[in-house]
Amino acid sequence: MHKTIKQKARIKVWDIGTRLFHWALAVLFCLSAFSAFQDKFGIYADMHLWSGFSILVLVTWRIIWGVIGSEPSRFRHFVKSPKALLAYLRGKGPEAVGHNPLGGYSVLLMLLMLLAQAMLGLFASDGMFFGGPLEAGDDYSSLVNNTHQMLGYGLFGVVGFHVLIVFGYWALRRVNLILPMITGWAEHSAEAPNIARPLLALLLVLIVAAALYGLIF
Ligand code: HEM
Ligand code: HEM
């Protein structure tokens, strides 16, 4: 008996919610990073607060979407065992629909760091003009600020590395990961995965935004 080799076909990998999440996150992250180094009053304080709050909303949405969303966006789908990661690194793993095992771990790391960073920001204060809406008391203030600052620099490194790797796949391995993150489609020989309804994604982001706004402000 011989295996039939399936033809490659265009399949939908990233739903509209995941794609909008990604590009909105990229823009907001740039705004957060830029405003972090301006004098934080007036427009730059607002920019830092609201870009950070929006990142908190998006990442919370993404974590829930990672459980109830489209198949390729689910953690269960892309966070593989260390054994699968090793097999992938040795070039022996199966073709990945969506994030490959290495990408899966880096996505998890970025989401957790972003969540922690935005949450810490809520309690941070520069001791002068600008503080998060839940500003920590004197006892914890320097711990919170230092951690927020260090994690901020850590994120610049990890996110910078992410962008470098994505362009590296393109330049060195001729794999274009960016186009699927824009259009949603990719060439695969695998079955088309289940894609969740966009309305569910929209409803969820509205609920998350309202709930976090109510909790924080
Ligand atoms: C020019 C800038 C960027 C490009 C070209 C880019 C490209 C990409 C691509 C191609 C993927 C999919 C990778 C895969 O197929 O496994 C991805 C995923 C991801 N990127 Fe970026 N990225 C950029 C900026 C950023 C920034 C600034 C952040 C974070 C603040 C970020 C966070 C993420 C996250 C969290 C995912 C996982 C998406 C998901 O599963 O929801 N990216 N990026
Ligand atoms: C994920 C998004 C965020 C990133 C990447 C980020 C990044 C940073 C960085 C790098 C600094 C230190 C700047 C320096 O070295 O001078 C900083 C300071 C600060 N951030 Fe954020 N931040 C984020 C979200 C937030 C949020 C949501 C708030 C809430 C209002 C916030 C409040 C603050 C405050 C009060 C400071 C000043 C603390 C100090 O002077 O040590 N940040 N942020």
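In the range 114-129, the residue that is nearest to ligand 1 (Cβ to nearest atom) out of those that are under 17 Å from LEU28 (Cβ atoms) and touching a His at 6+ places or on another chain (Cβ under 8 Å) is GLN117. Of all residues in the range 37-53, which are surrounded by fewer than 20 Cβ atoms within 10 Å (Cβ to Cβ), touching a helix residue (DSSP H, G or I) at 6+ places or on another chain (Cβ under 6 Å) and closer than 21 Å to GLY160 by Cβ? Residues satisfying the conditions are GLN38, MET47.
Does TRP61 count as touching a residue at least 40 places away in the same chain (Cβ under 8 Å), more than 30 Å from PHE217 (Cα to Cα), within 14 Å of ligand 1 (Cβ to nearest atom) and under 14 Å from the mean Cα position of the chain (by Cα)? Criteria not met by TRP61.
Scanning the range 54-67 for residues that are of a type outside the set (Lys, Arg) and buried (at least 18 other Cβ atoms within 10 Å of the Cβ) turns up SER54, ILE55, LEU56, VAL57, LEU58, VAL59, THR60, TRP61, TRP65, GLY66. For the range 11-21, indicate whether the set of residues that are assigned to a loop (DSSP other than H, G, I, E, B) and either more than 28 Å from TYR169 (Cα to Cα) or hydrophobic (A, V, I, L, M, F, W, C) (or both) is non-empty. Looking for residues that are assigned to a loop (DSSP other than H, G, I, E, B) and either more than 28 Å from TYR169 (Cα to Cα) or hydrophobic (A, V, I, L, M, F, W, C) (or both), one finds at least one in the range 11-21, hence yes.
Taking the numbered list (1) of a type outside the set (Phe, Trp, Tyr); (2) surrounded by fewer than 17 Cβ atoms within 10 Å (Cβ to Cβ); (3) farther than 22 Å from LEU155 by Cα in turn, SER70 passes all entries but (2).
Would you mind stating whether TRP185 is surrounded by 12 or more Cβ atoms within 10 Å (Cβ to Cβ) and either at positive phi or away from ligand 1 (no atom under 11 Å from the Cβ) (or both)? Yes; evaluated as a whole, the condition is true for this residue.
What are the residue pairs meeting all of these: first residue in the range 136-161, first residue farther than 18 Å from LYS40 by Cα and of a type in the set (A, V, I, L, M), second residue more than 16 Å from ligand 1 (Cβ to nearest atom) and not in a helix (DSSP H, G or I), Cβ atoms under 9 Å, and 6 or more apart or on different chains? Partner pairs satisfying both residue conditions: LEU143/ALA136.
Coordinate-derived values only; no laboratory data. Source: prediction; values computed, not measured. Every residue, glycine among them, receives a Cβ derived from its backbone with ideal geometry; neighbour counts consider all protein chains shown.
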